[in-house]
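Visitor: Questions regarding the structure given below will be posed in turn.
The values are calculated or read from the model by the stated rules, or taken from the named source; none is laboratory data. Only a predicted model underlies this, so the values are computations on that prediction, with no experimental measurement involved. Here the Cβ positions follow ideal geometry from the backbone for every residue, glycine too, while neighbour counts run over all protein chains shown. Just the protein is used for accessible areas: all its heavy atoms, side chains included, with ligands, DNA and RNA removed. Shrake-Rupley method; radii C 1.70, N 1.55, O 1.52, S 1.80 Å.
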Amino acid sequence: YFPVMRFFSDNGRPNAALKIFATMRKLSKQDNLPPPTEEMYIYLFRTFGQQLYEEGVFKLHLALKMDLSVDLNINLLNSIMEGYCCLEDPFKVRDIFDLATSLPKDRGLNSDSCKFMLRSLRFASLNHVNEFYNNLSQFDILPSPEIFSEYLIANCYYEQYTTALNLLIDAQQTGDIEINGEVLKSIYNWTLLPSARAEIDKYATKNFPQLWQELKDQKQLQENEEYPEITSASTDLI
């Protein structure tokens, strides 16, 4: 079943994948066939989200709530958060994040959980973003390059380009956060103002010449006139 679901999802027919998933659940109850696995749920949450298939994410979530055969672990919860992030639903993401906080600490919230929570708050307000980012320590999470990238993106989303660049400069000077290609690419691609992009280019050329040139050579940098798709910030599919 899984290869067929992947085939339809990868070819722009997530509705067909959802029908196969429903059939698999039905047969598992009627004929004692194996039920959907955790891997299937994770893949479908992420693909349905990235394809903005709202019905699929909702029905998959409902099915999971009634599926006692699947362990509700942090990897699965993170995939649900990612799906709802793509649908720009910070309230659903908050619900799942709160559920993740109830897991045992040694296998509960992690950096990815906070990354998706921060991403979702972009659709609420910048104040919510700032409050969450500045209080990561309450979850025993340190800002990773991925989390920091989301923080910069949120500031750019609200056209706070100078603030975003100053945050990047401060992080580089203090050395608290690793500045990698993803961080530099994120702030540049989400900056729509040409003059602000020029400032980023000037800063990165001076402070990260090799890394910056590699991004240029790989054509990773975009001079966007509108914000990138939310799904472009997602990690690769399993």
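Visitor: Scan the range 218-230 and report the pairs whose first residue is more than 12 Å from residue 181 (Cα to Cα) and whose second residue is not in a loop (DSSP other than H, G, I, E, B), with Cβ atoms within less than 7 Å and a gap of 6+ or a chain change.
Guide: Final answer for the pair search is 222/189; 223/197; 224/189; 227/157; 228/189; 230/85; 230/86.
Visitor: Return the pair list, or none, for Cβ contacts closer than 9 Å from residues in the range 107-129 that are farther than 18 Å from residue 190 by Cβ to residues that are at pLDDT 95 or above and among the aromatic types (Phe, Trp, Tyr), at least 6 apart or on different chains.
Guide: 109/97; 113/97; 114/97; 114/132; 114/133; 117/97; 117/132
Visitor: Within the bounds of the range 23-41, is there any residue that is under 18 Å from the mean Cα position of the chain (by Cα) and either assigned to a helix (DSSP H, G or I) or not polar (S, T, N, Q) (or both)?
Guide: The answer is yes, given that some residue of the range 23-41 is under 18 Å from the mean Cα position of the chain (by Cα) and either assigned to a helix (DSSP H, G or I) or not polar (S, T, N, Q) (or both).
Visitor: Just checking, how many residues over the range 91-125 are in a helix (DSSP H, G or I) and within 26 Å of residue 160 (Cα to Cα)?
Guide: Qualifying residue count for the region: 14.
Visitor: Which members of the range 148-166 meet the condition of being buried (at least 22 other Cβ atoms within 10 Å of the Cβ) and under 17 Å from the mean Cα position of the chain (by Cα)?
Guide: Hits for the range 148-166 are 148, 149, 150, 151, 152, 153, 154, 155, 156.
Visitor: Conditions: (1) modelled with pLDDT of 95 or more; (2) under 18 Å from the mean Cα position of the chain (by Cα). Residue 199 meets all but one. Number of the miss?
Guide: (2)
Visitor: Exactly one of these conditions fails for residue 88: (1) under 18 Å from the mean Cα position of the chain (by Cα); (2) surrounded by fewer than 20 Cβ atoms within 10 Å (Cβ to Cβ); (3) assigned to a helix (DSSP H, G or I). Give me its number.
Guide: Failed condition: (3).
Visitor: Residue under question is residue 125, and the condition is that it be over 21 Å from residue 42 (Cβ atoms) and small (Gly, Ala, Ser); does it hold?
Guide: yes
Visitor: Ok, one more. Of these, 146, 150, 55, which one is within 20 Å of residue 41 (Cβ to Cβ) and modelled with pLDDT of 95 or more?
Guide: One residue alone meets the criteria, 55.
Visitor: So for the range 167-186 (the condition being surrounded by fewer than 20 Cβ atoms within 10 Å (Cβ to Cβ), in a helix (DSSP H, G or I) and acidic (Asp, Glu)), does at least one residue qualify?
Guide: yes
Visitor: Which of the residues spanning the range 169-222 are among the small types (Gly, Ala, Ser) and over 19 Å from residue 146 (Cβ atoms)?
Guide: Hits for the range 169-222 are 195, 196, 198.
Visitor: Considering each residue of the range 187-214, count those that are part of a helix (DSSP H, G or I) and closer than 14 Å to residue 152 by Cβ, and give that number.
Guide: Count: 9.
Visitor: Scan 24, 40 and give me the residue that is farther than 21 Å from residue 82 by Cα and surrounded by 17 or more Cβ atoms within 10 Å (Cβ to Cβ).
Guide: Result of the check over 24, 40: 24.
Visitor: Would you confirm whether any residue within the range 55-65 is part of a loop (DSSP other than H, G, I, E, B) and open to solvent by less than 70 Å² (accessible area, probe 1.4 Å)?
Guide: No, every residue in the range 55-65 fails to be part of a loop (DSSP other than H, G, I, E, B) and open to solvent by less than 70 Å² (accessible area, probe 1.4 Å).
Visitor: A further question on this structure: Considering every residue within the range 67-77, establish whether at least one is under 19 Å from residue 132 (Cβ atoms), at pLDDT 95 or above and open to solvent by less than 30 Å² (accessible area, probe 1.4 Å).
Guide: yes
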